[in-house]
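The values are calculated or read from the model by the stated rules, or taken from the named source; none is laboratory data. Because the structure is predicted, anything quoted here is derived from the model rather than measured. We place every Cβ from the backbone using ideal geometry, glycine too, and count neighbours over all the protein chains shown.
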Amino acid sequence: MEIKLRNDICINVMEYKNINNKSGIYVIYNKINSKIYIGSTYNFITRKSRHFNDLRNNRHSNNHLQLAWNKYQEENFKIYIVEFVEDIEDLLIREQYWLDKTQCYNNKIGYNYLKIAGTSLGCKHSEESKLRRSKLFSGKNNPFYGKTHSEKVNKLNSDKHKKAVIQTELNGTFIKEWDCASSTNKSKSSISKCCRHTIKCYDNSLWFYKTEFYDENFDITKYINPELNYYNKKKVVQLDLDENIINIWNSIKEAANSLNTKSQNIINCCKGVTNSFLGYKWNYY
């Protein structure tokens, strides 16, 4: 079936039927004024239940939608499926597509606050609104007060946020594919920062999300740091504090791995940034 929006755009929608354990994009439609709210979910049933329970109890996080619900009453709102999305990682991409297509963040057209799916970018709450939201969802007013998720739901929520990652050497040579950052037994935060490109490398490796790494337009040379790669290939001398030679390593990476430390610590010594490290002096060979 088709619904027509206030800006004369028409979108095809489906009834909320036969949707157990399915994910995708939905729309809440005001039958009186044709305004809409667009959202994405990994479970249509639970998302509808949460929306309607919050609206019925006058505690919905979207004040614009809540006021409209109170004015026009429940019988004049309908929820439809816009599309099914099999891959959960594509949900925000598809939600963004429908936000842009319908312009439902324009308050003359819809009830969405956000212009960017999954973020608060472009959305500013007043202090009064923040206080109201805080009171609505604190303590016993929180619909989840005194409750805990089942093991099944916890696993589903955990799996939803897992992203496979690729580890390579600093020169871009493939090392390993991991199910997610937490399965590496290394710093999940640091790996995530690498994958988001807020830091260049971690633990003598480059890290990428699998989806980016295997994208046909991906160019790994943008992320290879020639300086770090150069230093890690240079031979290095390990000396005691009296400058007696302890060992000559074939590379800084070899020395760092053997001493269970980071290459950068040894590089800093060799460059004179620090005088010693781990009780030793270090020089390039």
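Is there a residue in region 137-154 that is under 30 Å from His51 (Cα atoms), surrounded by 15 or more Cβ atoms within 10 Å (Cβ to Cβ) and modelled with pLDDT under 90?
First, the residues of region 137-154 that are under 30 Å from His51 (Cα atoms): 137-154.
Subsequent filtering for residues that are surrounded by 15 or more Cβ atoms within 10 Å (Cβ to Cβ) retains 137.
The next check asks that each one be modelled with pLDDT under 90; those that pass are 137.
Checked region 137-154: at least one residue is under 30 Å from His51 (Cα atoms), surrounded by 15 or more Cβ atoms within 10 Å (Cβ to Cβ) and modelled with pLDDT under 90.
Go through region 6-106 and tell me which strands (runs of 3 or more DSSP E), entirely inside it, have 3 or more residues that are touching a residue at least 40 places away in the same chain (Cβ under 8 Å).
Numbers: elements: 10-12, 24-30, 36-41, 77-84.
Here the list reads 24-30, 36-41, 77-84.
Which ranges mark the strands (runs of 3 or more DSSP E) fully within region 159-210 that have 3 or more residues being on the phi < 0 side of the Ramachandran plot and surrounded by 15 or more Cβ atoms within 10 Å (Cβ to Cβ)?
Numbers: elements: 165-168, 174-178, 206-209.
In region 159-210, the matching strands (runs of 3 or more DSSP E) lie at 165-168, 206-209.
Return yes when Glu15 is over 31 Å from the mean Cα position of the chain (by Cα), over 19 Å from Asp90 (Cα atoms) and not polar (S, T, N, Q) and no when it is not. Don't jump to the end; show me each part of the working.
Details: over 31 Å from the mean Cα position of the chain (by Cα): no; over 19 Å from Asp90 (Cα atoms): yes; not polar (S, T, N, Q): yes.
So Glu15 fails the test.
Please specify each residue of region 242-285 satisfying the condition of being more than 19 Å from Tyr202 (Cβ to Cβ), basic (Lys, Arg) and surrounded by fewer than 19 Cβ atoms within 10 Å (Cβ to Cβ).
Result: Lys271, single match.
Taking the condition surrounded by 15 or more Cβ atoms within 10 Å (Cβ to Cβ) and either in contact with a Ser or Thr (Cβ under 6 Å, 6 or more places away or on another chain) or under 23 Å from Lys101 (Cα atoms) (or both), does Ile19 pass?
So Ile19 fails the test.
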